[in-house]
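A quick write-up on the structure given underneath.
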Amino acid sequence: MKNRILVGAVALVSSVTLSGCGYFSGSGGGDRTVTVWLMRDSVSSGFLEKFTSSYEKENPSIELEFKIQEWSGIGPKVLDALESDDAPDVIEVGNTQVAQYAESGGLRDLTLESMRDLGSEDWLPGLAQPGQISGVQYGIPWYAANRVVIYNKETFKDAGITDVPKTRAEWLKTTEKLNTQGQQGIYLAGQNWYVLAGFIWDEGGELAEGGGGDWRGTLDTPEALAGMNFYKELQALGDGPMDSDEEKPPQNDVFAEGDVAQIISLPGSAALIEQKNPELKGKLGYFPIPGKTAKAPGSVFTGGSDLIVPKNADQRSAGIAVVKALASEKWQTELARSMSYVPNKPKLAHVVEGEEGTAAMAEGASQGRATPNSSQWAKVEAENPIKPYMTAVLTGADPAAAATKASERITAMLAGS
């Protein structure tokens, strides 16, 4: 299932997208054609043309053929391709989708290439971990994006706040100071469960634990309950609705009204906020979600894309070579700079240092995580018992009882019920 975070991220950072025809081909001079499925708006036409020209020049026997896919309905389409005799040679997939495709048995084992050629030990865990199933690396990390805190610099200055918070305790203190009559310290909707996940991970908890067919929901553990308690403390320092998520109403629109000090979102949200309220242009800043201590930012959900190679692809070896190129330091640097993405290795974060929002995102990505690596997790997100659980706690229900109910439902769904 494509995570909403990347849908928003790509839409906000991409200034020039691929043509509407859904197809991009190289020079046509190669002896072999490598077919690559990329998702709509993942990269700009400029990046794709530059990569294609360079790669075909260095590999004259290869012609690259890119076919652009839509995220809507992509799951069944990929599964059909993995079972067919006409599979593409490379497919871009959401990082949390790899498990369901690996379960089909139709993916190429890329463990050797990841260790030998791509430095897998240095990858962002939020991209690498969901691409690995039972110790086998099927998905090669391509790019990432995660939430940061977007704040009104002028509001902070007026309140006498000169430094952004580095710890949760500082963050609560700062937000409480900003939460005055007529101004929200933070706008945080009650059902922003991706944000909650980060707080749970910071406490040492999980959304679910297990493996294979033996998964169970764990929102009722002491650690997960501590994460929910912090969420409740923070959410109370603003007027975010307790019974809806960040899209209802759109939190960018709420922030643009000018009486909110902070939101938690993708850096690209700032551009939409400024479009809505030009008076905020130049007044917005960014910092990573604070952690429990100043030693590291808080944990965040990492959305992004991995690259997979079908077992039955005609040009498997050539496809793997294209994957290695796209995941290489050279093209990771180009992709990060052209698209404002987080590259697949923390050591490459310096390539976006000149962009404040992307740099904050890259710093936070060092503590990135992914949702439970179960092929059934997409079903959990579709029904999402986490959301009503959050609303229940925020409106006064017993946290332990509400968490137990939600955990039991997650366990049943992960078991296929």
query = Convex hull over the alpha-carbon atoms of the range 84-177: what's its volume per residue in Å³?
reply = 165
remark   = Checked against a 30 Å limit on the C-alpha separation, the offending pairs among Lys157/Lys330; Lys166/Lys281; Lys345/Lys405; Lys276/Lys345 are Lys157/Lys330; Lys345/Lys405; Lys276/Lys345
message = Need one number for the range 18-143: average projected area of the convex hull over its C-alpha atoms, nm².
response = 8.3
inquiry  = If every alpha-carbon in the range 177-281 counts as one equal scatterer, what log10 I(q)/I(0) does Debye give at q = 0.11, 0.12 1/Å?
reply    = -0.41, -0.48
request  = Please work out whether the range 252-400 counts as rounded, prolate or oblate from its C-alpha gyration tensor, where a ≥ b ≥ c are the square roots of the eigenvalues and a/c under 1.5 means rounded, while otherwise a/b larger than b/c means prolate and anything else oblate?
outcome  = oblate
task = Roll a 1.4 angstrom probe over the protein heavy atoms and tell me the percent of accessible area of the chain that is carbon or sulfur.
result = 47
ask   = What accessible area per residue, rounded to a whole number of Å², is obtained for the range 163-265 using a probe radius of 1.4 Å?
value = 40
query = Quick one: if the Förster radius is 35 Å, what FRET efficiency do Thr111 and Glu383 give, using the C-beta to C-beta distance and rounding to 0.05?
reply = 0.55
inquiry  = Please give the Cα centre distance for the range 293-307 versus the range 353-397, rounded to the nearest Å.
reply    = 10
ask   = Taking N as the number of residues in the range 339-417, what is its Cα Rg relative to 2.2 N^0.38 Å?
value = 1.55
inquiry  = What number comes out for accessible area per residue over the range 32-131 if the probe is 1.4 Å? Units Å², please.
reply    = 40
note = Helix-only [θ] at 222 nm, the chain, -39500 (n - 2.57) per DSSP H run of 4+, per residue, nearest 500, equals -11500 deg cm²/dmol
request  = Express the relative contact order of the chain as a whole percentage, based on alpha carbon pairs under 8 Å and six or more residues apart in sequence.
outcome  = 25
remark   = A correct Kirkwood calculation over the Cα atoms of the range 312-365 returns a hydrodynamic radius in Å of 12.0
query = Given H placed on each backbone N at 1.01 Å, which residues far from Arg147 in sequence or on other chains put an amide H within less than 5 Å of it?
reply = Phe301
message = Looking at the chain only, what percent of DSSP beta bridges run antiparallel? Nearest 5 please.
response = 70
Computed lengthening from Ser53 to Asp158, 0.36 nm per intervening residue step minus Cα-Cα distance = 32.7 nm
Calculated diffusion of the chain, Stokes-Einstein form, Kirkwood radius summed over Cα pairs, 4 °C and 1.567 mPa s, µm²/s = 59
inquiry  = What FRET efficiency comes out for Asp86 versus Lys173 if R0 is 56 angstrom and r is the Cβ-Cβ distance? Round to the nearest 0.05.
reply    = 0.40
remark   = Whole-Hz Karplus couplings 3J(HN,Hα) for the range 339-346, θ = phi - 60° and coefficients 6.51, -1.76, 1.60, Gly and Pro as x, run 10, 6, 9, 8, x, 7, 10, x
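The values are calculated or read from the model by the stated rules, or taken from the named source; none is laboratory data. Since the model is a prediction, treat every value here as computed from it, not as a measurement. Positions of Cβ are backbone-derived with ideal geometry, glycine not excepted, and every protein chain shown enters the neighbour counts. Calculation scope for accessible area: heavy atoms of the full protein, side chains included, ligands and nucleic acids excluded. Shrake-Rupley method; radii C 1.70, N 1.55, O 1.52, S 1.80 Å.
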